[in-house]
Amino acid sequence: SFNRKKYLAIVDFQPLHEDEDDHATTYEHILKPIKEKYDNLKGRMSSKFYDETQFFSKEMLFARFEDGKIVDNDLLPAFKSYVKTHLNLVQSTPPSTHPQDVQAVFERQRAYDTYSADRDPAAGLFAAMFGKQWAEDFIYDFLFSLGERSEDGLNLSPPMFGGPPPGAAGKGGPPQKGVNPYAKENKAAQSVPRL
(Lines give C-alpha, C1' and ligand atoms only; values in the text may rest on other atoms or scores of the structure.)
Protein backbone atom coordinates (compact mmCIF):
# COMPACT_ATOMS: atom_id res chain seq x y z
CA SER A 1 0.00 0.00 0.00
CA PHE A 2 1.34 3.40 -0.95
CA ASN A 3 0.04 6.07 1.43
CA ARG A 4 -2.90 3.73 2.14
CA LYS A 5 -4.52 4.67 -1.17
CA LYS A 6 -3.20 2.41 -3.92
CA TYR A 7 -2.10 -1.22 -4.00
CA LEU A 8 0.09 -3.24 -6.33
CA ALA A 9 -0.04 -7.03 -6.14
CA ILE A 10 1.99 -9.64 -8.04
CA VAL A 11 1.81 -13.35 -7.23
CA ASP A 12 3.53 -15.90 -9.45
CA PHE A 13 5.64 -19.01 -9.71
CA GLN A 14 8.86 -17.72 -11.19
CA PRO A 15 9.50 -19.67 -14.39
CA LEU A 16 12.58 -21.87 -14.13
CA HIS A 17 12.77 -22.29 -17.88
CA GLU A 18 13.86 -19.66 -20.37
CA ASP A 19 11.38 -21.06 -22.88
CA GLU A 20 7.87 -20.12 -21.76
CA ASP A 21 6.41 -23.24 -23.39
CA ASP A 22 8.56 -25.50 -21.18
CA HIS A 23 7.32 -23.69 -18.08
CA ALA A 24 3.70 -23.57 -19.25
CA THR A 25 3.58 -27.28 -20.01
CA THR A 26 5.02 -28.23 -16.63
CA TYR A 27 3.43 -25.78 -14.20
CA GLU A 28 0.87 -23.34 -15.48
CA HIS A 29 -2.03 -25.78 -15.75
CA ILE A 30 -2.00 -26.09 -11.95
CA LEU A 31 -2.17 -22.29 -11.51
CA LYS A 32 -4.82 -21.53 -14.12
CA PRO A 33 -7.83 -22.61 -11.98
CA ILE A 34 -6.70 -20.25 -9.21
CA LYS A 35 -6.36 -17.27 -11.55
CA GLU A 36 -9.74 -17.99 -13.15
CA LYS A 37 -11.48 -17.42 -9.79
CA TYR A 38 -10.25 -13.83 -9.30
CA ASP A 39 -11.16 -11.28 -11.97
CA ASN A 40 -9.60 -8.46 -9.92
CA LEU A 41 -6.17 -10.17 -10.19
CA LYS A 42 -6.05 -10.57 -13.98
CA GLY A 43 -4.30 -7.29 -14.76
CA ARG A 44 -1.29 -6.75 -16.99
CA MET A 45 2.14 -5.40 -16.07
CA SER A 46 3.36 -2.08 -17.37
CA SER A 47 5.96 -2.59 -20.08
CA LYS A 48 7.59 0.58 -18.75
CA PHE A 49 9.40 -1.55 -16.16
CA TYR A 50 9.06 -5.23 -17.05
CA ASP A 51 8.69 -7.47 -20.03
CA GLU A 52 6.11 -9.91 -18.75
CA THR A 53 7.37 -12.58 -21.13
CA GLN A 54 10.63 -12.77 -19.14
CA PHE A 55 10.56 -14.41 -15.70
CA PHE A 56 6.78 -14.19 -15.36
CA SER A 57 4.24 -16.89 -16.13
CA LYS A 58 1.04 -16.47 -18.09
CA GLU A 59 -0.86 -17.36 -14.91
CA MET A 60 0.69 -14.56 -12.85
CA LEU A 61 -1.77 -12.72 -10.63
CA PHE A 62 -1.37 -8.98 -11.14
CA ALA A 63 -3.45 -6.09 -9.89
CA ARG A 64 -3.37 -2.37 -9.19
CA PHE A 65 -6.29 -1.23 -7.10
CA GLU A 66 -7.49 1.29 -4.54
CA ASP A 67 -10.23 -0.76 -2.85
CA GLY A 68 -8.64 -2.35 0.21
CA LYS A 69 -11.43 -4.97 0.33
CA ILE A 70 -9.76 -6.68 -2.64
CA VAL A 71 -6.89 -7.65 -0.32
CA ASP A 72 -9.18 -9.72 1.93
CA ASN A 73 -11.67 -10.90 -0.69
CA ASP A 74 -9.33 -11.80 -3.57
CA LEU A 75 -5.62 -11.32 -2.96
CA LEU A 76 -5.26 -13.18 0.34
CA PRO A 77 -7.29 -16.26 -0.71
CA ALA A 78 -5.50 -16.39 -4.08
CA PHE A 79 -2.10 -16.02 -2.42
CA LYS A 80 -2.95 -18.83 0.03
CA SER A 81 -3.98 -21.05 -2.89
CA TYR A 82 -0.73 -20.31 -4.73
CA VAL A 83 1.33 -21.06 -1.62
CA LYS A 84 -0.57 -24.31 -0.96
CA THR A 85 -0.12 -25.33 -4.60
CA HIS A 86 3.60 -24.50 -4.41
CA LEU A 87 4.00 -26.50 -1.20
CA ASN A 88 2.22 -29.49 -2.77
CA LEU A 89 4.48 -29.22 -5.81
CA VAL A 90 7.63 -29.09 -3.69
CA GLN A 91 6.51 -32.06 -1.59
CA SER A 92 5.57 -34.17 -4.61
CA THR A 93 8.62 -33.42 -6.78
CA PRO A 94 11.58 -35.74 -6.33
CA PRO A 95 14.81 -33.82 -5.76
CA SER A 96 17.27 -33.69 -8.60
CA THR A 97 20.41 -35.72 -8.20
CA HIS A 98 22.16 -33.94 -11.06
CA PRO A 99 24.41 -31.01 -10.07
CA GLN A 100 23.84 -29.38 -13.46
CA ASP A 101 20.08 -29.17 -12.71
CA VAL A 102 20.74 -27.46 -9.38
CA GLN A 103 23.21 -25.10 -11.09
CA ALA A 104 20.68 -24.26 -13.80
CA VAL A 105 18.02 -23.35 -11.23
CA PHE A 106 20.52 -21.27 -9.26
CA GLU A 107 21.64 -19.40 -12.40
CA ARG A 108 18.03 -18.77 -13.40
CA GLN A 109 17.33 -17.33 -9.93
CA ARG A 110 20.42 -15.13 -10.20
CA ALA A 111 19.30 -13.88 -13.62
CA TYR A 112 15.83 -13.14 -12.22
CA ASP A 113 17.27 -11.21 -9.27
CA THR A 114 19.51 -9.13 -11.55
CA TYR A 115 16.64 -8.45 -13.98
CA SER A 116 14.25 -7.48 -11.18
CA ALA A 117 16.74 -5.34 -9.23
CA ASP A 118 17.59 -3.35 -12.35
CA ARG A 119 13.90 -2.67 -13.08
CA ASP A 120 12.24 -2.42 -9.67
CA PRO A 121 9.76 0.46 -9.97
CA ALA A 122 9.94 1.05 -6.22
CA ALA A 123 13.63 2.04 -6.39
CA GLY A 124 12.77 5.72 -6.86
CA LEU A 125 10.31 5.60 -3.98
CA PHE A 126 12.85 3.92 -1.68
CA ALA A 127 15.53 6.46 -2.67
CA ALA A 128 13.17 9.39 -2.05
CA MET A 129 12.21 8.06 1.37
CA PHE A 130 15.53 6.66 2.63
CA GLY A 131 18.29 7.84 0.30
CA LYS A 132 19.94 6.30 -2.77
CA GLN A 133 22.50 4.17 -0.91
CA TRP A 134 19.86 2.67 1.39
CA ALA A 135 17.65 1.90 -1.63
CA GLU A 136 20.49 0.16 -3.48
CA ASP A 137 21.51 -1.85 -0.42
CA PHE A 138 17.91 -2.87 0.28
CA ILE A 139 17.25 -3.94 -3.30
CA TYR A 140 20.56 -5.71 -3.96
CA ASP A 141 21.24 -7.14 -0.49
CA PHE A 142 17.73 -8.09 0.55
CA LEU A 143 14.98 -8.10 -2.09
CA PHE A 144 17.13 -9.50 -4.90
CA SER A 145 20.23 -10.69 -3.05
CA LEU A 146 21.61 -12.80 -5.89
CA GLY A 147 21.45 -9.93 -8.35
CA GLU A 148 24.55 -8.32 -9.80
CA ARG A 149 24.76 -4.60 -9.07
CA SER A 150 24.52 -2.51 -12.20
CA GLU A 151 27.47 -0.21 -12.93
CA ASP A 152 24.92 2.50 -13.73
CA GLY A 153 23.19 2.13 -10.36
CA LEU A 154 19.48 1.76 -9.82
CA ASN A 155 16.79 3.04 -12.14
CA LEU A 156 15.45 5.85 -9.98
CA SER A 157 12.61 6.91 -12.26
CA PRO A 158 9.44 7.64 -10.32
CA PRO A 159 7.18 4.68 -9.54
CA MET A 160 3.91 4.30 -11.43
CA PHE A 161 2.03 5.73 -8.46
CA GLY A 162 2.44 6.65 -4.83
CA GLY A 163 5.27 8.43 -3.14
CA PRO A 164 6.66 8.95 0.32
CA PRO A 165 4.26 9.91 3.08
CA PRO A 166 4.19 13.67 3.70
CA GLY A 167 7.34 14.78 5.50
CA ALA A 168 9.09 11.40 5.11
CA ALA A 169 11.48 12.24 2.26
CA GLY A 170 15.09 11.65 3.15
CA LYS A 171 14.36 10.01 6.51
CA GLY A 172 15.59 6.58 7.43
CA GLY A 173 19.02 5.13 7.44
CA PRO A 174 21.14 2.48 5.86
CA PRO A 175 20.23 -1.17 6.38
CA GLN A 176 21.86 -2.50 9.50
CA LYS A 177 24.76 -4.92 8.95
CA GLY A 178 23.94 -8.42 10.07
CA VAL A 179 20.16 -7.99 9.83
CA ASN A 180 19.85 -9.90 6.56
CA PRO A 181 21.47 -13.32 6.92
CA TYR A 182 21.27 -13.80 3.14
CA ALA A 183 23.21 -10.70 2.14
CA LYS A 184 26.64 -11.44 0.72
CA GLU A 185 29.66 -9.20 0.92
CA ASN A 186 31.17 -10.51 -2.29
CA LYS A 187 28.68 -11.44 -5.02
CA ALA A 188 31.42 -12.86 -7.24
CA ALA A 189 32.32 -15.41 -4.57
CA GLN A 190 28.77 -16.81 -4.39
CA SER A 191 28.34 -20.35 -5.50
CA VAL A 192 25.60 -22.87 -5.64
CA PRO A 193 24.84 -24.46 -2.29
CA ARG A 194 26.16 -28.01 -2.08
CA LEU A 195 23.61 -30.78 -1.73
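The values are calculated or read from the model by the stated rules, or taken from the named source; none is laboratory data. Keep in mind it's a predicted model, so treat the numbers as computed, not measured. Don't worry about glycine lacking a Cβ; one is built from the backbone with ideal geometry, like all the others, and counts go over all protein chains shown. In case anyone asks, the SASA skips ligands and DNA or RNA and just uses the protein heavy atoms, side chains included. Shrake-Rupley method; radii C 1.70, N 1.55, O 1.52, S 1.80 Å.
Observations
- With respect to the stated conditions, Y27 fails to be under 19 Å from T85 (Cβ atoms), of a type outside the set (A, V, I, L, M), crowded, with 16+ Cβ neighbours inside 10 Å and modelled with pLDDT of 80 or more.
- Among the residues making up region 128-149, those that are among the hydrophobic types (A, V, I, L, M, F, W, C) and either open to solvent by 20 Å² or more (accessible area, probe 1.4 Å) or closer than 19 Å to A9 by Cα (or both) are A128, M129, F130, W134, F138, I139, F142, L143, F144, L146.
- Residue count, region 34-56 (criterion: in contact with a helix residue (DSSP H, G or I) (Cβ under 6 Å, 6 or more places away or on another chain) and at pLDDT 70 or above): 5
- All told, A117 meets the bar of being within 18 Å of G147 (Cα to Cα), out of contact with any Cys (no Cβ under 8 Å at 6 or more places or on another chain), at pLDDT below 90 and surrounded by 12 or more Cβ atoms within 10 Å (Cβ to Cβ).
- R64 meets each of the listed conditions (1) at pLDDT 90 or above; (2) in contact with a strand residue (DSSP E or B) (Cβ under 8 Å, 6 or more places away or on another chain); (3) over 19 Å from Q14 (Cβ atoms) apart from (1).
- Filtered residues of region 89-101 (kept if part of a helix (DSSP H, G or I) and either open to solvent by 80 Å² or more (accessible area, probe 1.4 Å) or in contact with a Pro (Cβ under 9 Å, 6 or more places away or on another chain) (or both)): V90, Q91, S92, P99, Q100
- Filtering region 58-76 to residues that are open to solvent by less than 40 Å² (accessible area, probe 1.4 Å) and assigned to a helix (DSSP H, G or I) leaves I70, D74, L75.
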